[in-house]
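Bear in mind that the values in this text are calculations on the coordinates, not laboratory data. On a predicted model such as this, the values are computed, not experimentally measured, just so you know. No Cβ is skipped: glycine too gets one built from the backbone with ideal geometry, and neighbour counts run over all protein chains shown.
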Amino acid sequence: MHLSSIEIALRFVIPSLYLIIACGYLVQFAQNRSHLFAWMRPTQSAAITVHALHFAVFYSVTGHFPFRTVFEALYFCCFVLAILYFFMEVKAGEISFGAFLWPFNCLVALPAFTLLGHGEPLPPRLVKPHFVLHVTMLTAAYACFFFSFVISVMYLLQHGILRKRKFDSLLYRLPSLDIMDQAIKKTDSLGLVLLIAGIIVGMLWVFDLQGTAVDMHLKIVSAIVTAWVYLTALTLRSWKGWQGARTSLFSIAGFVLIILTLIIGRHGY
């Protein structure tokens, strides 16, 4: 499928904006230049808007959402990550997360846009509403868990600095432990709801597709185990008062399971 000049331009502009945003947050974090924040949020808004425009162009050309290949999935994941981070920053008012989250999103965006492909048509079974909703929910869930993973690493880093009583400049640039702990709790909670809903919708899609219940494929079992890990962490937090380093380790373990789930590959439907 031939790419239009507009789409080619957008494929260059969007990752370029993401790279500028990532560099801005890194410079702001390293040198504590708070004046950079004045233009980072408008740049994020512009990047998300342009990405949404390209998303619409992609759909109009191919007639389907970007779910066919790994790079299409990464492309969609970048979009979800950008939106989730933008609203998280607006609500929490904490900009230091961006120095850790945006570089990761930029690293995902560069290969995603470079190797996105020409949007080959999807098989009929993959254009059903249940499947689109299933993939959208799981992508949003994985984005939430990715945030939780990065913040958990930040938490353990800050926790280690405080335990060793090494009060260097990094200590004052990272968010407080309480802010990070609450961010982990909220992202894990939202991600778990989306993951469970995505699994249920996926089962409904399979039933609609073949009229039988879902076979317990290894990928499906891995997704259920991942949901159980996050549910256990949130339950222990609520009932036993767990927080901080222990729940951070649960979040990291859950994200490792997500990576293994993605490595396993397709579930055969």
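Things to note:
- Neighbours of MET88 by Cβ distance under 11 Å: Lys/Arg scored +1, Asp/Glu scored -1, total 0.
- When the C-alpha to C-alpha distance is required to be over 24 Å, the pairs from LYS185/LYS219; LYS128/LYS219; LYS91/LYS164; LYS91/LYS185 that qualify are LYS185/LYS219; LYS91/LYS164.
- Stretching ALA245 away from THR43 to a fully extended chain increases their span by 69.4 nm, per 0.36 nm per residue minus the current alpha-carbon distance.
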